[in-house]
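Trainee: My questions all concern the structure below.
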Amino acid sequence: MALLNEAIRKDVGAMLADLVSPVTLKVFTQEMECQYCKETRELVEDVSSLSDKLSMEVYDFEADQAVADQFGIDKIPAIAVVGAKDYGIRLFGIPSGYEFGTLIEDIKLVSEGDSGLSPETRAVVAKLDKPVKIQVFITPTCPYCPRAVMLAHQLAVESDLIRGDMVEVVEFPHLGNKYQVMGVPRTVIDETIHIEGAVPEPMLMREFAKLLQ
């Protein structure tokens, strides 16, 4: 059953009309004991039908464990947004509410293959010499969360060493407890740097630069 009504389908179709390169949405799910797995798969089916440059692949978290391991999927539902290469963009939890817009923006970002970040940010990222994982904890009702997620995903596009995860904290409460998520968005960089709120790019990069010290 389609989750998107005709008006939304029309709007999203228009947003995806100018995709540059093909994008594959790799959905990791399972039949039983997974909150929102079914809805996530159906949502991605809807979106992927709106452009001939979009395709969808569905993997069972247990049966396709080798693929899950390849893409670093350790919880479900999950979506890997992959373009000409795997940029390290992940969404854990259903991208609903405000985060539906994040999914659409991720598709456009990966299709273009350009982070769109400032020259100053690119210069800092170019100095990285080790892998970095950025987790952004969100809820679907948070209007400020998409900005924080998108910045993490832009950084992932900018560097092969960076992976950006959106994590819907209500679906993964154990991670909310682990990282002491009292409010969203909360960005955690490499387990050591914690940032509250949707901060501007220069402010995030001042924290990010600590990894280079």
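The values are calculated or read from the model by the stated rules, or taken from the named source; none is laboratory data. Here the structure is a predicted model, which means the values were calculated and not measured. Don't worry about glycine lacking a Cβ; one is built from the backbone with ideal geometry, like all the others, and counts go over all protein chains shown.
Trainee: Would you mind listing the strands (runs of 3 or more DSSP E) fully within the stretch 153-213 where at least 1 residues are over 15 Å from the mean Cα position of the chain (by Cα)?
Mentor: 193-196
Trainee: Say we look at the stretch 1-57 and pick out the residues that are among the hydroxyl-bearing types (Ser, Thr, Tyr) and out of contact with any Phe, Trp or Tyr (no Cβ under 7 Å at 6 or more places or on another chain); which of these is surrounded by the most Cβ atoms within 10 Å (Cβ to Cβ)?
Mentor: Thr40
Trainee: Hey, can you tell me all the residues within the stretch 38-84 that are over 16 Å from the mean Cα position of the chain (by Cα) and either aromatic (Phe, Trp, Tyr) or more than 27 Å from Gly113 (Cβ to Cβ) (or both)?
Mentor: Lys38, Glu39, Glu42, Tyr59, Asp60, Phe61, Glu62, Ala63, Gln65
Trainee: Taking the stretch 99-130, which residues are in contact with a Leu (Cβ under 9 Å, 6 or more places away or on another chain), of a type outside the set (S, T, N, Q) and more than 18 Å from Ser55 (Cβ to Cβ)?
Mentor: Correct list: Glu99, Phe100, Gly116, Leu117, Val124, Val125, Lys127, Leu128, Asp129, Lys130.
Conditions (1) out of contact with any strand residue (DSSP E or B) (no Cβ under 9 Å at 6 or more places or on another chain); (2) within 24 Å of Leu103 (Cβ to Cβ); (3) loosely packed, with under 14 Cβ neighbours inside 10 Å; (4) not small (Gly, Ala, Ser), marked per residue:
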site: Leu128; (1), (2), (3), (4): no, no, no, yes
site: Gln135; (1), (2), (3), (4): no, yes, no, yes
site: Cys142; (1), (2), (3), (4): yes, yes, no, yes
site: Leu155; (1), (2), (3), (4): no, yes, no, yes
site: Glu168; (1), (2), (3), (4): no, yes, no, yes
site: Glu171; (1), (2), (3), (4): no, yes, no, yes
site: Thr187; (1), (2), (3), (4): no, yes, no, yes
site: Pro200; (1), (2), (3), (4): yes, yes, yes, yes
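Trainee: Moving on to the next point. For the stretch 115-152, how many residues are in a loop (DSSP other than H, G, I, E, B) and hydrophobic (A, V, I, L, M, F, W, C)?
Mentor: Of the residues in that region, 4 qualify.
Trainee: For the stretch 171-213, which positions are among the hydrophobic types (A, V, I, L, M, F, W, C), within 22 Å of Glu105 (Cα to Cα) and touching a residue at least 60 places away in the same chain (Cβ under 8 Å)?
Mentor: Listed by number, the list holds a single entry, Met205.
Trainee: Among the helices (runs of 4 or more DSSP H) lying completely within the stretch 1-99, list those that include at least 2 residues that are of a type in the set (Ser, Thr, Tyr) and modelled with pLDDT of 95 or more.
Mentor: Per the criteria, 37-48.
Trainee: Report whether or not Leu103 is modelled with pLDDT of 95 or more and in the same structural domain as Asp46 (by TED's automatic domain parsing).
Mentor: yes
Trainee: OK, next. Would you mind finding the one in Thr121, Thr102 that is surrounded by fewer than 22 Cβ atoms within 10 Å (Cβ to Cβ) and in contact with a helix residue (DSSP H, G or I) (Cβ under 8 Å, 6 or more places away or on another chain)?
Mentor: Thr121
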